[in-house]
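Below: the structure, in structure tokens.
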Amino acid sequence: MTTCRSVLPAWMLASVLLALCLISGPALAGSRLLATGGVSQIEGAAGGGLSPWGVLAGNASEGELAATAFASVAPLRDYRLTVGGVALNLHDRLELSLARQRLDLDTLGGRLEQQVAGAKLRLVGDLIYHPWGIWSLGVQHKQLEDGTLPLAVGATSTRGSDIYLSGSKLLLAAVAERNLLLNLTLRSTSANQGGLLGFGGDREGGRSLVAEGAAGMFLTRRWVVGAEYRQMPDNLSFAREDDWRSLYSAYFFSPHLSLTAAALDLGSIAGLERQRGGYLSIQFAF
């Protein structure tokens, strides 16, 4: 009998229910300014679509709890990436996240699936009022469900952990009286294509330090447009790995619902060139 796996599996749904139970108590979230928690990135952390930011998920401030759930899809020229996940914000100090990624190999045939468990600790600062913004330290542990293909093309492992430091700052009335959000992330990683092609390789087996940047301008208090850039390591000799780029637009209908659309350019993936396409993500915040 064939089983059908949901993009958002049972353990993630259970996490959503747990988060809702936690925030149904007296410490309800909601005092943070609209959109200052960002959206959900493809590995489950709060940030942009491609990169984690220094902010934590949801609308929680100190003494509050918050949770988010999201679903994203990115159809590319030869692939289709689908992601679902949840995140929990504990008192605007600690973020815990879970995500499940599925990459359909439309041209090559087959599928790659990965689970990502993340944690992000706010170290210091505030997005708006601190002169240096908000800085957070995060980790994302990744595990492939089937590593046959990644190992065959030269990966040395089917699991690995990324460690990153992110700083975000919102500049009020910075450009034509519009608010401007800036983010810088430094990541230590051995992941190939974010981990979907395994970890390490025959060209480079160790960790690489890569940089990720983002900028977004608020056209209104609900609508932000911007760009992201994510540097990638290049561990496998059989195919180069290009850096990722996006132009995005996010609209926050309310503190509880946002929609993000983007144009992606992920370069060459597993030897297939010009992997460009769209990106659509919906986020619910509680």
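The values are calculated or read from the model by the stated rules, or taken from the named source; none is laboratory data. Note that this is a predicted model, so its numbers are computed, not measured. Ideal geometry is used to build each Cβ from the backbone, glycine not excepted, and the neighbour counts take in all protein chains shown. Accessible surface is based on the protein model in full, side chains and every heavy atom, while ligands, DNA and RNA are left aside. Shrake-Rupley method; radii C 1.70, N 1.55, O 1.52, S 1.80 Å.
The condition (being at pLDDT below 95 and not in a loop (DSSP other than H, G, I, E, B)) is satisfied by just one residue among 67, 60, 71: 67.
The selection criterion, being touching a residue at least 60 places away in the same chain (Cβ under 8 Å) and open to solvent by 10 Å² or more (accessible area, probe 1.4 Å), holds for residue 154. Among the acidic types (Asp, Glu) and at pLDDT 95 or above - does that describe any residue in region 145-157? No: region 145-157 contains no residue that is among the acidic types (Asp, Glu) and at pLDDT 95 or above. Scanning region 106-145 for residues that are in contact (Cβ under 8 Å) with a residue 24 or more places away in the chain, over 20 Å from the mean Cα position of the chain (by Cα) and in a strand (DSSP E or B) yields a single hit, 125.
Out of everything in region 157-173 that is farther than 18 Å from residue 46 by Cα and touching a residue at least 40 places away in the same chain (Cβ under 8 Å), what residue ends up being surrounded by the fewest Cβ atoms within 10 Å (Cβ to Cβ)? This residue is 172. When region 42-77 is filtered for residues that are of a type in the set (Ser, Thr, Tyr) and buried (at least 24 other Cβ atoms within 10 Å of the Cβ), the ones remaining, listed by number, are 51, 68, 72. When residue 220 is tested against the conditions (1) more than 18 Å from residue 105 (Cβ to Cβ); (2) in contact with a strand residue (DSSP E or B) (Cβ under 8 Å, 6 or more places away or on another chain); (3) not acidic (Asp, Glu), the lone failure is (2).
Taking region 227-286 as the range and being within 19 Å of residue 86 (Cβ to Cβ) and open to solvent by 70 Å² or more (accessible area, probe 1.4 Å) as the test, the residues that pass are 256, 280, 284, 286.
Kindly indicate whether residue 85 is surrounded by 22 or more Cβ atoms within 10 Å (Cβ to Cβ), small (Gly, Ala, Ser), at pLDDT 95 or above and assigned to a loop (DSSP other than H, G, I, E, B). Spelling it out, it is not the case that residue 85 is surrounded by 22 or more Cβ atoms within 10 Å (Cβ to Cβ), small (Gly, Ala, Ser), at pLDDT 95 or above and assigned to a loop (DSSP other than H, G, I, E, B). Listed by position, the strands (runs of 3 or more DSSP E) inside region 183-276 whose residues that are touching a Pro at 6+ places or on another chain (Cβ under 8 Å) and not charged (D, E, K, R) number at least 1 are 208-218.
Here region 135-180 is the region considered, the condition is being in contact with a Lys or Arg (Cβ under 6 Å, 6 or more places away or on another chain) and hydroxyl-bearing (Ser, Thr, Tyr), and the residue that is farthest from residue 221 (Cα to Cα) is 164. Between 93, 80, the distinction of being closer than 21 Å to residue 271 by Cα and either out of contact with any Pro (no Cβ under 6 Å at 6 or more places or on another chain) or open to solvent by 20 Å² or more (accessible area, probe 1.4 Å) (or both) belongs to 80 only. Across region 101-123, a minimum of one residue is classified as surrounded by 18 or more Cβ atoms within 10 Å (Cβ to Cβ), out of contact with any Lys or Arg (no Cβ under 7 Å at 6 or more places or on another chain) and within 16 Å of residue 58 (Cα to Cα).
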